[in-house]
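Take a look at the structure below.
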Amino acid sequence: MVKAVIAIHGGAGAIARASMSVEKEQLYIQALSAIITQGQTILADGGSALDAVTEAVRLLEECPLFNAGKGAVFTHQGTHELDACVMDGHSLQAGAVAGVKRVRNPVLAARAVLENSPHVLLIGEGAESFASDHGLEQVGADFFYTQERWDQLQRALSTQQMLLDHDGASQTPDDPLDPDRKFGTVGAVALDQYGNLAAATSTGGMTNKQAGRVGDSPIIGAGCYANNANVAVSCTGTGEVFMRTLAAYDIAALMEYGGLSLQEASNRVIMEKIKVLGGSGGAIAVDRDGNVALPFNSEGMYRGFGYVGDAPNVGIYREA
Ligand code: ASP
């Protein structure tokens with residue numbers, strides 16, 4: 001019997017270890033550990049991989065430490081536009097939403113698309129009314145507002161940069177990753193006791209992004225992919241590069257057609273192919289045998305995994 005496992009990420013970027021207070025580090029570690037534990041409980045109780053990743057990402061969206069749901073970054077126009085995706089490796093069904101402004105938990109809207117729509121990806125107002133028709137909570141724009149993200153947009157506007165959410169030497173004391181330059185997308189991948197794989201990804205995108213811009217996170221095969229035949233993957237990083245490389249699907253294809261192991265395939269994509277195109281970030285992946293890979297080419301990635309019955313294993317920095 002396979003050993004069920006869940007892995008999650010809360011974004012990648014350059015870690016300024018010196019600017020990380022012990023308290024802040026503990027906040028991240030506790031948040032990651034608690035969410036892995038919830039996912040492990042769902043899997044231990046016989047829940048599906050799909051349910052485990054949906055709930056883990058919903059919890060990450062609810063946590064303002066991460067750039068998804070509450071805590072999401074601002075667009076250039078000072079609004080929030082959220083993207084999310086979920087894929088079931090058993091049925092190869094997928095659901096995604098992009099550019100939603102009022103859905104409290106975009107991952108639940110993505111799941112509703114997967115379950116209730118013949119379509120895969122809904123955008124903007126159509127996605128919002130679909131979510132509302134399926135009983136999902138709508139919120140006002142102020143729900144997503146956080147002072148930290150607003151200040152981040154003002155810095156981005158003053159330097160005319162489009163910023164990823166976890167990268168660079170921190171200018172904010174007490175934040176381990178530079179809040180202006182870190183990738184804060186969240187994601188989860190899981191293998192359940194029945195041998196099913198699933199993946200989910202959710203993001204606020206990039207600070208100062210053009211309104212209407214959609215990144216890799218809600219694009220099947222780019223920022224999210226799951227197939228019981230090989231692997232489940234969720235990505236974080238420079239969205240445009242992950243789209244151009246079809247990063248998540250590329251890991252699956254290297255395993256399926258190239259015979260590479262999970263470690264080889266995920267390293268090839270994240271450490272080589274993404275970097276060649278100037279991209280930065282990472283991925284979490286679990287294969288059908290329950291192997292876990294958490295590669296990133298940035299200095300750090302909020303990440304962790306937990307096999308059912310084991311303690312959660314979390315990390316932020318690159319291991320020496
Ligand atoms: N990949 C996301 C995007 O480009 C950003 C991130 O990972 O934080 O929208």
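The values are calculated or read from the model by the stated rules, or taken from the named source; none is laboratory data. These numbers were taken from a predicted model, which means no experiment stands behind them. Cβ coordinates were reconstructed from backbone atoms using ideal geometry, including for glycine residues, and neighbour counts include every protein chain displayed.
Yes/no per residue for (1) in a loop (DSSP other than H, G, I, E, B); (2) closer than 23 Å to PHE305 by Cβ:
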| position | (1), (2) |
| --- | --- |
| GLN193 | yes, yes |
| ALA199 | no, yes |
| GLY205 | yes, no |
| VAL214 | yes, no |
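Return the only residue of ASP165, ASP142, ASP151 being in a loop (DSSP other than H, G, I, E, B) and modelled with pLDDT under 95.
Selected residue: ASP165, the only one of ASP165, ASP142, ASP151 that is in a loop (DSSP other than H, G, I, E, B) and modelled with pLDDT under 95.
When only residues in the stretch 217-257 that are among the aromatic types (Phe, Trp, Tyr) and in contact with a Phe, Trp or Tyr (Cβ under 7 Å, 6 or more places away or on another chain) count, which is nearest to LEU122 (Cα to Cα)?
Out of the qualifying residues, it is TYR225.
Please enumerate the residues belonging to the stretch 235-290 that are under 15 Å from MET301 (Cβ atoms) and basic (Lys, Arg).
Residue satisfying the conditions is LYS275 alone.
What is the residue count in the stretch 302-312 for residues that are under 17 Å from GLN30 (Cβ atoms) and touching a residue at least 24 places away in the same chain (Cβ under 8 Å)?
6
Please specify each residue of the stretch 279-301 satisfying the condition of being within 16 Å of the ligand (Cβ to nearest atom) and acidic (Asp, Glu).
GLU299 - this is the single residue of the stretch 279-301 that is within 16 Å of the ligand (Cβ to nearest atom) and acidic (Asp, Glu).
If I filter the stretch 1-9 for residues that are at pLDDT below 95, more than 16 Å from the ligand (Cβ to nearest atom), closer than 27 Å to ASP289 by Cα and not aliphatic (A, V, I, L, M), do I get at least one hit?
Checked against the condition, which is being at pLDDT below 95, more than 16 Å from the ligand (Cβ to nearest atom), closer than 27 Å to ASP289 by Cα and not aliphatic (A, V, I, L, M), the stretch 1-9 yields at least one hit.
Is it the case that the stretch 267-278 has a residue that's surrounded by fewer than 14 Cβ atoms within 10 Å (Cβ to Cβ), within 14 Å of the ligand (Cβ to nearest atom) and not small (Gly, Ala, Ser)?
Checked the stretch 267-278: at least one residue is surrounded by fewer than 14 Cβ atoms within 10 Å (Cβ to Cβ), within 14 Å of the ligand (Cβ to nearest atom) and not small (Gly, Ala, Ser).
How many residues, within the stretch 288-301, are in a strand (DSSP E or B) and free of Cβ contacts under 8 Å to residues at least 60 places away in the same chain?
1
Just need a number here: residues in the stretch 217-242 that are assigned to a strand (DSSP E or B) and either more than 21 Å from GLY304 (Cα to Cα) or of a type in the set (A, V, I, L, M, F, W, C) (or both).
Count: 7.
Could you say whether any residue in the stretch 86-99 is farther than 23 Å from ALA49 by Cα, surrounded by fewer than 17 Cβ atoms within 10 Å (Cβ to Cβ) and modelled with pLDDT of 90 or more?
Checking the stretch 86-99: not a single residue is farther than 23 Å from ALA49 by Cα, surrounded by fewer than 17 Cβ atoms within 10 Å (Cβ to Cβ) and modelled with pLDDT of 90 or more.
Could you list all residues from the stretch 168-193 that are more than 10 Å from the ligand (Cβ to nearest atom), closer than 30 Å to LEU122 by Cα and modelled with pLDDT of 65 or more?
Passing the criteria: ALA188, VAL189, ALA190, LEU191, ASP192.
Which residues, taken from the stretch 220-239, are of a type in the set (Val, Ile, Thr) and more than 10 Å from the ligand (Cβ to nearest atom)?
Matches in the stretch 220-239: ILE220, VAL231, VAL233.
Take ILE251 and tell me if it is surrounded by 24 or more Cβ atoms within 10 Å (Cβ to Cβ) and over 21 Å from TYR194 (Cα atoms).
It is true that ILE251 is surrounded by 24 or more Cβ atoms within 10 Å (Cβ to Cβ) and over 21 Å from TYR194 (Cα atoms).
Yes or no, residue by residue, for (1) in contact with a strand residue (DSSP E or B) (Cβ under 6 Å, 6 or more places away or on another chain); (2) within 21 Å of ILE316 (Cα to Cα); (3) small (Gly, Ala, Ser); (4) free of Cβ contacts under 8 Å to residues at least 40 places away in the same chain:
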| site | (1), (2), (3), (4) |
| --- | --- |
| ALA44 | no, no, yes, no |
| PRO64 | no, yes, no, no |
| MET87 | yes, no, no, no |
| LEU108 | no, no, no, no |
